[in-house]
2 protein chains.
Amino acid sequence: MKPSTSIQDYLKRIYELTENGQPASTNDLARELNVKPASVTGMIQKLAAEKPALVEYQKHQGVTLTAAGKRAALEVIRHHRLIETWLVQTLGYSWDEVHEEAERLEHVISEDFERRIAAALGHPLRDPHGELIPTADLKMPLDESTPLSALRKNQSGKILCIKSADADLLRHLNELGLTPNTSIEVVDYSPFDHNLTVTAGKRTSVLGLNITGRIFVEKK
Amino acid sequence: MKPSTSIQDYLKRIYELTENGQPASTNDLARELNVKPASVTGMIQKLAAEKPALVEYQKHQGVTLTAAGKRAALEVIRHHRLIETWLVQTLGYSWDEVHEEAERLEHVISEDFERRIAAALGHPLRDPHGELIPTADLKMPLDESTPLSALRKNQSGKILCIKSADADLLRHLNELGLTPNTSIEVVDYSPFDHNLTVTAGKRTSVLGLNITGRIFVEKK
DNA sequence: AAAATGATTTAGGTAAGACTAAATTTTACA
DNA sequence: TGTAAAATTTAGTCTTACCTAAATCATTTT
C-alpha cells in the first residue's frame, strides 16, 4: 500500500542524506524534516519494522534505505521533479519559486498523472534546478557534473544544476544570472578563501565556497 | 488557519447537501463522506464550536453552513472545478476521468497556483462537467439551467451540466454523446414513466428520470 | 397513545504522528 | 582514561479523526 505523506517525506530525506554513502543521523533528519529527534527515532523504528522493511537501522548508528525504501523514495523524488518542471513550463513559475508547491503536490498525484506530465514534457532528464529526474522505472541517472568549486582560473563550463532548497539563495542566484544552462567562466581564483570570480552572461560575481559548492557544471 | 483536509471535505459536502435549502442530515453526510454517522456527529460538534463557527447545528436537526463555513466550502469547490478544467484542457483527460484526481489536489494547491490556472484558462465560468465555478471572491454565479427532466416533446436545448460523481454513469453518458455543450432535442415523452427520448448529435437515446434529473440544459 | 423503527448522539477506544522530559549511549577532549 | 557534552532513545502525552456499541430521540404504525 502507498506510504503516508509523512513516511514519503522521511524516505525522501533519508535518500538525500545518504547520497554521500553515509547513514543518515537522527539529528540531521530531524532538522531536515522540522521535527524533534525523538519523533525521528519513533518513525525510523516503525519503518524498519514494516514488511518489507523500508530502512536499515541499528540503534545509534543512523539509517539507510533498503531496496524497497529506495524505490519509494525515488518515486516521490520523480514526482517532485516532474511537477517542478511542469509548473515552470506550463504555468510560468520561475525555477526558484516552485519548490513549496511541488512539496505538497508530490504526495497526491496518481501514476496516471505522472505519466501524462512526463509525456507532455517529453520525458525530461533534469528539473528546473538541473536536478536529475529518476526514470519511470525508478533508476537515478548517472550524474556527470562537477562542482563549480573544483574549477580554476580560465576554466569554463555550463551550469547544469543548483543544489539548494533555500529560497533566498535561489532568488539571489537568479538575480546574478546564475541559472541552469548558463555558460560560465572562471576569471579568477583566490587560494586563500577559495573564492571564485566568475562571469555568466554579462555579469561578473565573486562567489564563496558556500555557493560554488552548490553549483554543478559540465566542464568544457 | 487553513482547515484540515477532512474539514474541507465536510464543508464541501455540507454545501452540496444544503443547496436545496434544507439542512444536511448526519446520515446523508456519513454516506457522502464514506464515514460512520457517529463520526459525523463528532466532527459537526467540533465545527460548530470553532470560532468563528463554521456550521450552524442543533441536535437532531441537521447542519447548515455559516458565512465563514460557506466561504471555506466555496474555496475548496473553486479549487476542485478549476483543477478539473485544467486537467482536461492541458493534459488531455476526458471530463469523466478527472474527478478523483481533483479530489486530492484541491486540498493542497496554493492561492498562487489557483490564480495562475484561473488566468491560464481565461477565468472559465464552468468546469468540464458544466458545473459553475465560484468566482475569485467566492460567490457562486447564478444558475440559469433547467433539468432535462422538465423538457417535453419537441423542446430542445443545449446541455450545460452533468451533475454526478458516478464514474460509470459519466462514462456511459460520454459514450451516448451526452456531454456538456451538446445540442439536444426531445423527440418523445412517456407520461407513464417520465422517460424521454432524445437525440444528441446523430444518436437517439431513451432516458429515465435517474438520468434526466442529472442533466441540466439551457432551454432554446 | 404505545410500540416499533430508524436516525442520531454519547461513551469509550484505536492508530498516526507529533511532543516533552528523562534516561542512556556515544564522542570528544583534557 | 575519565568526564562533560552532544546525540540518541525511551516513556509517557496530546491531537486528529476515525471506529463500535449502547443509549436516546423522533417518527411512523398500529
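Throughout, read-outs are computed from the coordinates displayed, never taken from laboratory work. Note that the structure is predicted; figures quoted are calculated from it, not measured. Glycine also receives a Cβ, built like all others from the backbone with ideal geometry; neighbour counts cover every protein chain displayed.
For the cross-link pairs A:Lys46/A:Lys139; A:Lys70/A:Lys163; B:Lys36/B:Lys59; A:Lys163/B:Lys2, which exceed 28 Å when the distance is taken from alpha carbon to alpha carbon?
Exceeds cut-off: A:Lys163/B:Lys2.
Efficiency by 1/(1 + (r/R0)^6): what FRET value for A:Thr204 and A:Glu100, r their Cβ-Cβ distance, R0 = 41 Å, to the nearest 0.05?
Computed FRET efficiency for A:Thr204 and A:Glu100 comes out at 0.85.
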- request: Output the peptides B:201-210, B:103-112, B:32-41 sorted from most to least packed, where packing is the average of other Cβ atoms within 10 Å over each peptide's residues.
  value: B:103-112, B:32-41, B:201-210
query: Measuring from label point to label point, each 7 Å out along Cα→Cβ, what is the A:Leu125 to B:Lys51 span in nm?
result: 6.0 nm
query: Any idea what the A:Arg115 label distances to the other copies are, label 7 Å down the Cα→Cβ vector, nm, shortest first?
result: 3.6
- request: Express in whole angstrom the spacing between the alpha-carbon centres of the stretch A:11-55 and the stretch A:75-144.
  value: 23 Å
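Dividing the convex hull volume of the alpha carbon atoms of the stretch B:5-65 by its residue count, what do you get in Å³ per residue?
Convex hull volume per residue, Cα atoms: 73 Å³.
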statement: With the stretch B:1-115 reduced to its Cα atoms and the Debye formula applied, log10 I(q)/I(0) at q = 0.14 1/Å amounts to -0.59
- prompt: What net charge is computed for the residues neighbouring A:Ile44, neighbours being all others with C-beta under 15 Å from the C-beta of A:Ile44, Lys and Arg scored +1, Asp and Glu -1?
  reply: +1
- prompt: For A:Leu138, which inter-copy label distances result when the label point lies 7 Å beyond Cα on the Cα-to-Cβ vector, reported in nm to one decimal and in ascending order?
  reply: 4.0
message: Using the Cα atoms of the protein assembly as shown, I'd like the radius of gyration and the largest Cα-Cα distance, Dmax, both in angstrom.
response: 27.1, 95
query: About its Cα centre, how strong a charge dipole does the stretch B:146-219 have in debye, to the nearest 20, once Lys and Arg get +1 and Asp and Glu get -1 at the Cβ?
result: 200 debye
task: Apply the membrane-span-like helix rule to chain A: whole DSSP H runs, Cα extent along the own long axis of at least 20 Å, mean Kyte-Doolittle hydropathy at least -1.0. List the helices found.
output: A:67-91
task: Find the Rg to Rh ratio for chain A, where Rh is the Kirkwood radius over alpha-carbon pairs and Rg uses the same atoms.
output: 1.00
field: Cα pair count fraction exceeding 19 Å, expressed as % - the stretch B:146-219
entry: 21 percent
